[in-house]
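Sharing a structure below in structure tokens format, with a few things to ask.
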Amino acid sequence: MEVEEVYSSSELDRKEGKAINELIARSQEPIPDPDQWLDEELKRNILLTSVDAMLDWARRSSLWPVFCFPACCAFEFMTTAASRFDISRFGMEIVRASPRQADLMITAGTLTWKMAPQVKRIYDQMAEPKWVIAMGACAISGGIFRSSYSVVPGYNRIIPVDVYVPGCPPRPEALLYGIRMLHQKIAKMSIAAKGK
Amino acid sequence: MLADYGYIGLFLVVAIFFAVTTLLLPFFLSFPSRLVLYFRRFTRYLETHYPFLVRFIPPLPKFPRFMQVVPYNPTPVKSSTFECGMETIGTAWVRFNFRYYFYALVFIALDILVVFLYPWAVELRGLGLFGLIAALVFIFIIVIGYIYAWRKKVLEWK
Amino acid sequence: MTVALSGSEIASQIEKQFPGGVVESGADSLLVKGESLLEIAAYLKTTAGLDFDYLTAITAVDYYDCFEVVYQLTSIKHNHSLVVKTRCYNRDNPTLPSVVGLWRGADFQEREIYDLMGISFEGHPNLKRIVLWDGFQGHPLRKNFL
């Protein structure tokens, strides 16, 4: 990896501004949700069903989220992670700052275009298999800030989203329901099919 | 044989098991995906640079999907260094203040001293006067070094 | 509690020093001309009895025919505060003198006003966008942005 030596802060600003403008130009259409392998008739190989079941059970039973908490939905995530609505019972209390050690991104909060390249980079740096839960109205579609000059209208403009949890902010029970939906989605994954 | 070693043997078995499952097993299980990717890259390289050699590649059956359990899809962004989402500026090995080194040295020396003092302190009553004097001589020798470092202004942070 | 000085008290004092600088003065604020802003600000900061050494905030308002920049000053020594306003009638390229030399806290706030309202500040050491990214077209908090 070549490392560019950037010396002046105006150069840094210009690079950042260029990257953001390019990202805006690239993200005019939402990325389609990864659900193709859910609908098709899965011809399950009898021999592999138990392997599938074991793998999917292992993958869904300890989804480790990565930090992606730009705004107020983060408080509801913290509440979900605290003792009353425990996410530790799902094996998810390990919220990793490093994307290499995480396999779930719960996007809790409004995303601005200025922060968007960083979030996309963190998503890209996560190791597969990885999933995304869009939490809250701002993550689904930009929420009440949709027509703003600086807000990304939904995380699915920059990253593919698996589960959408509506609410402003969603109650912890709603977020846990969304996590359960993601577990069901992962349980349907088959390694013999063309999916992830 | 393990019974002779007692709990330490059990600990060793658990440690080896842990290292194998978390480090080696995923690495070895990723070989099918890796090989598929390398083969794809190799054929693409041949097609672009030496197209006439393509006919010599046998149609190798690639690993079936169910063997590619551990994915391996490196991309330039994915393999880049993590800097909280930003593009990295500069290298990871930076020059740091040399005073950290002094503190680490003094810490190591005194830490070894403390490790020896713990069992001594537990058995102090049973060791009697001889044990006390012996340990005090030991402490005295180490403390001389510590006072030397102190007087040489190693511990100051300017 | 900090005593909020009324503009009329200070106006007469300032008029003596800088005749014609004060446009109008009310119970809550003091409206000064853009040209004499810097000298009046320096006078407010350095005069004993006034001693406005802390700039609480600078904000800008877009009335349709002019921009108004509002300076909220506080004196820590005497525990009183004052609001000073100036107007820019130039819509295309409004400029004002920067008060960074007097109060360092004005640095980021003037950059924010430049970023979102488009008012340039002469003498500012580093006038560039601060909340939006470099290369963003327009100044969003103006009334005619959308």
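Bear in mind these aren't lab numbers, they're just calculated from the coordinates by the rules spelled out. Just so we're clear, the structure is a prediction, and the values are computed from it rather than from any experiment. No Cβ is skipped: glycine too gets one built from the backbone with ideal geometry, and neighbour counts run over all protein chains shown.
For region A:77-196, what does the alpha-carbon gyration tensor say about shape, rounded, prolate or oblate, given a ≥ b ≥ c as the root eigenvalues, a/c under 1.5 as rounded, and a/b over b/c as prolate?
oblate
Here is a follow-up. Based solely on its DSSP helices, what 222 nm [θ] is calculated for chain A when runs of n ≥ 4 H residues each add -39,500 (n - 2.57) and the sum is averaged over all residues, nearest 500 deg cm²/dmol?
For chain A, the value works out to -11500 deg cm²/dmol.
Now for a separate question. Which of the listed residues, B:Leu53, B:Leu155, B:Val106, is farthest toward the dipole's positive end in the protein assembly as shown, when Lys, Arg count +1 and Asp, Glu count -1 at the beta-carbon?
Highest projection toward the positive end goes to B:Leu53.
Excluding A:Ala187 itself, what net charge comes from residues whose Cβ is under 12 Å from its Cβ, given Lys and Arg +1 and Asp and Glu -1?
Net local charge, A:Ala187 excluded: +3.
Now, a different point. What is the angle, in °, between the Cα long axis of helix A:172-187 and the longest principal axis of the Cα atoms in chain A? Nearest 10 is fine, range 0 to 90.
Helix A:172-187 and the main axis of chain A meet at about 60 degrees.
Ignore the peptide's own chain and count Cβ atoms of other chains within 10 Å of each Cβ in B:79-86; give me the average, rounded.
6
Please work out whether chain B counts as rounded, prolate or oblate from its C-alpha gyration tensor, where a ≥ b ≥ c are the square roots of the eigenvalues and a/c under 1.5 means rounded, while otherwise a/b larger than b/c means prolate and anything else oblate?
Oblate is the answer for chain B, as a/c is 1.5 or above yet b/c matches or exceeds a/b.
Taking the Cα-to-Cβ direction at C:Lys128 and at C:Phe18 and moving 7 Å from each Cα, how far apart do the two end points lie in nm?
The two pseudo-label positions are separated by 3.1 nm.
Which helices, taking whole DSSP H runs in chain B, have alpha carbons extending 27 angstrom or more along the helix axis plus mean Kyte-Doolittle at least -1.0?
Correct list, ordered by number: B:99-122, B:124-151.
For A:Lys188, which lysines qualify as cross-link partners when the Cα separation must be under 26 Å and same-chain residues fewer than eight apart are set aside?
A:Lys43, A:Lys130, A:Lys196, B:Lys62
Post the alpha-carbon centroid distance, region A:68-91 to region B:112-158, in whole angstrom.
Centre-to-centre (Cα) distance: 48 Å.
What whole number of Å gives the distance from the Cα centroid of region B:1-44 to the Cα centroid of region C:100-146?
Using only Cα atoms to place each centre, the spacing works out to 56 Å.
Tell me what chain C gives for mean residue ellipticity at 222 nm when only DSSP H runs of n ≥ 4 count, each as -39,500 (n - 2.57), the sum divided by the residue total, rounded to 500 deg cm²/dmol.
Counting only the DSSP helices, I get -7000 deg cm²/dmol.
What is the gain in length, in nm to one decimal, between B:Thr75 and B:Ile108 on full extension, counting 0.36 nm per residue of separation less the C-alpha to C-alpha distance?
In short, 7.7 nm is gained.
How many partner chain Cβ atoms sit within 10 Å of a residue's Cβ in peptide A:149-162, on average, as a whole number?
Mean inter-chain Cβ contacts per residue within 10 Å come to 1.
Chain C: longest stretch without exposed chymotrypsin sites (Phe, Trp or Tyr not before Pro) (DSSP loop, at most 16 other Cβ within 10 Å), sites themselves excluded?
It runs C:1-63.
Angle between the Cα long axis of helix C:7-17 and the longest principal axis of chain C, 0 to 90 degrees, nearest 10?
Taking Cα atoms only, the helix is inclined about 80 degrees.
Shifting gears a bit: Given the -39500 (n - 2.57) contribution per DSSP H run of 4+ residues, what per-residue ellipticity at 222 nm results for chain B, rounded to the nearest 500 deg cm²/dmol?
Roughly -19500 deg cm²/dmol at 222 nm, from the helical runs in chain B.
Oh, and also: Expressed as an acute angle from 0 to 90° and rounded to the nearest 10, what is the orientation of the C-alpha long axis of helix A:116-125 relative to the principal long axis of chain A?
The answer is roughly 40 degrees.
Quick one: which of A:122-130, B:137-145, B:124-132, A:76-84 comes out on top by average Cβ neighbours within 10 Å, and what's the full order, highest first?
In descending order of packing, they fall as A:122-130, A:76-84, B:137-145, B:124-132.
What are the ³J(HN,Hα) couplings of region A:69-74, residue after residue, when phi is run through the Karplus curve with 6.51, -1.76, 1.60 and θ = phi - 60°? Round to Hz, x for glycine and proline.
For region A:69-74, the Karplus-derived couplings read 10, x, 9, 4, 4, 4 Hz, x marking Gly and Pro.
Using only Cα atoms, figure out Rg for the protein assembly as shown and give it as a multiple of 2.2 N^0.38 Å.
It is 1.41.
I would also like to ask the following. Run the dipole for region B:39-131 about the Cα centre, Lys and Arg Cβ at +1, Asp and Glu Cβ at -1, nothing else charged, and hand back the magnitude in debye, nearest 20.
That gives a dipole near 620 debye.
Identify, among A:Met189, C:Cys88, C:Ile40, the residue whose Cα sits farthest towards the positive end of the charge dipole of the protein assembly as shown, taking +1 on the Cβ of Lys and Arg and -1 on the Cβ of Asp and Glu, with the dipole about the Cα centre.
A:Met189
Could you tell me which of rounded, prolate or oblate describes chain C, using a ≥ b ≥ c as the square roots of the eigenvalues of the alpha-carbon gyration tensor, with rounded for a/c under 1.5 and, failing that, prolate when a/b is larger than b/c and oblate otherwise?
prolate
If contacts are Cα pairs under 8 angstrom and at least 6 residues apart, what is the relative contact order of chain A in percent?
26
Taking 45 Å as R0, compute the FRET efficiency from the Cβ-Cβ separation of A:Ala97 and C:Ser8 and round it to 0.05.
0.20
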